[in-house]
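I have placed the structure first, in the form of structure tokens, so that the comments after it can refer back to it.
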Amino acid sequence: MDVCAVHPGPSFDTRADITSRAIPLRAITCDVGTGEAVFWRDAFDCHRNTARDVVDSAVEAGFFESEWRGGREYVRQTTRYPADWFGRLVGIENKPDLGDPGDLERQLRTDASLGLFDEIILATESYVTRAHLNRIPESVGVWRFDPESGEREVVRDATPLDPASPGIELVAERPLRTDVELVSGERKRQARLRLAERTYGKGWRTYDLPTCANASVTSDGRPYCAHFNRVVEPGRDCGDDCQPFEAADAPSLDADSLRDERTPWVSDPDGVARRQSGLDRFW
């Protein structure tokens, strides 16, 4: 899936106060709470190295705080994790040219049958025919988007999926045979949580800007080409194959500040780590 749109839930502000980074799923689900600190290795049911990475990431993010006793590190959560910080997850598959679909049909069937997202959208620049719609699962919505004008035409509305119910994952397809796996609602819940956290921490407008003298950035952070007078997709439109390409430094973009300004995400929250009494240094 090219884009995951996270819709804020009731406790989004609480989540934003913790950290601007992603919180590892294992840090959320392990046996570490907000009460008494526990020895870090006892809190995880996974390989020691994996647990160590999770602890380090959670401490750096401000979700864990650590203290030392007798040469051993103990950790606790700085605050309770707000599980309802996100609402709907909308998956958007970007396929500008439907004339070159690749494995699009199989990908959309897999996403629709798994039901990890609340809605799935196919975004394209192509003219959408009835034949195109017939090859796409009925639950998938279709948008036709004009990158130059920014206008969007809703060709077909998405049908809401049910992320709480079990889903079916297409594992492999062979002639006369398709292997599938039943995915429980609990596994989907954890996968959605991991996806929402990864999306929250990954950022916004994360693509590389064109290293071209004709490139600039729009007010909302999209790459713009002065030669063609339109917004461009760097991975598809730019590079040595473009005749007017002129190598130069990429235009500057403070994506974090722009994201902070235009979305509910907070760039540099104060955090919720509690002040330590300092007594742990005597252990």
By average Cβ neighbour count within 10 Å, what is the ranking of 205-218, 15-28 from highest down?
-> 15-28, 205-218
Plugging the Cβ-Cβ distance of Ala248 and Trp204 into 1/(1 + (r/R0)^6) at R0 = 25 Å yields, to the nearest 0.05, a FRET efficiency of 0.55
Could you check which residue among Val232, Val155, Val171 shows the biggest mean-square fluctuation in a GNM of the chain with a 10 Å Cα cutoff?
-> Val171
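So how do 116-128, 252-264, 235-247 stack up, highest first, on mean other-Cβ count within 10 Å? If you can, show how the numbers build up before the last one.
Numbers: 116-128: 19.2, 252-264: 13.8, 235-247: 11.9.
Ranked from most to least packed, the peptides come out as 116-128, 252-264, 235-247.
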Surface/4 estimate of mean projected area, convex hull on alpha-carbon atoms of segment 88-130, nm² | 3.2 nm²
Pairs of Cα atoms under 8 Å, at least six residues apart: use those to get the relative contact order of segment 86-202, whole percent.
-> 23 percent
Take segment 207-251, compute every pairwise Cα distance, and split them into 5 Å bins from 0; I just need the percent in each bin.
-> 5, 27, 41, 22, 4, 1
Which order do peptides 58-66, 136-144 fall in by mean Cβ count within 10 Å, highest first?
-> 58-66, 136-144
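What value, in deg cm²/dmol to 500, does the helix sum -39500 (n - 2.57) over DSSP H runs of n ≥ 4 give at 222 nm once divided by the residues of the chain? List each step's numbers first, then the result.
Values: 8 runs with 72 residues, N = 283.
The helix contribution divided over the chain gives -7000 deg cm²/dmol.
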Identify which of Trp68, Trp40, Trp85 has the largest mean-square fluctuation in a Gaussian network model of the chain, with springs joining Cα atoms closer than 10 Å.
-> Trp68
Taking the Cα centre of segment 63-153 as the origin, how large is its charge dipole in debye, to the nearest 20, when only Lys and Arg (+1) and Asp and Glu (-1) carry charge on their Cβ atoms?
-> 520 debye
Between Glu148 and Arg174, the two model label points (7 Å from Cα along the beta-carbon direction) sit apart by a distance in nm of 5.0 nm
Assuming a ≥ b ≥ c are the square roots of the Cα gyration tensor eigenvalues, decide whether segment 86-202 counts as rounded (a/c under 1.5), prolate (otherwise, with a/b larger than b/c) or oblate.
-> oblate
For the chain, with the dipole built from +1 on Lys and Arg beta-carbon atoms and -1 on Asp and Glu ones, taken about the Cα centre, which of Ala58, Ser139, Thr206 lies farthest toward the positive end?
-> Ala58
Could you grab the Rg to Rh ratio for the chain? Cα atoms only, Kirkwood for Rh.
-> 1.04
Answer with one residue from Gln107, Gln190, Asn94: the one whose Cα lies farthest towards the positive end of the charge dipole of segment 86-202, charges on Cβ with Lys, Arg +1 and Asp, Glu -1.
-> Gln190
Could you give the dipole magnitude of segment 207-251 about its Cα centre, charging the beta-carbon of Lys and Arg +1 and that of Asp and Glu -1, in debye to the nearest 20?
-> 180 debye
Pull out a ≥ b ≥ c, the square roots of the eigenvalues of the alpha-carbon gyration tensor of segment 125-283, then state rounded if a/c is under 1.5, prolate if not and a/b is larger than b/c, and oblate in the remaining case.
-> oblate
Under the Karplus relation 6.51 cos²θ - 1.76 cosθ + 1.60, θ = phi - 60°, what is the ordered set of whole-Hz ³J(HN,Hα) values for segment 121-129, x standing for Gly and Pro?
-> 10, 9, 9, 8, 9, 6, 6, 9, 9
Expressed in angstrom, Rg and Dmax over the Cα atoms of segment 1-85 are 13.9, 48
Vicinal HN-Hα couplings computed from phi for segment 238-252 (Karplus, 6.51 cos²θ - 1.76 cosθ + 1.60; Hz; Gly/Pro x) = 10, x, 4, 6, 7, 4, x, 4, 9, 4, 6, 5, 5, x, 7
Total charge dipole magnitude, the chain, about the Cα centre, Cβ charges on Lys, Arg, Asp, Glu only, Debye to nearest 20 | 1000 debye
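Read-outs: derived from the displayed coordinates by stated rules, not from any lab. Quick caveat: nothing in here was measured; it's all calculated off a predicted structure. Positions of Cβ are backbone-derived with ideal geometry, glycine not excepted, and every protein chain shown enters the neighbour counts.
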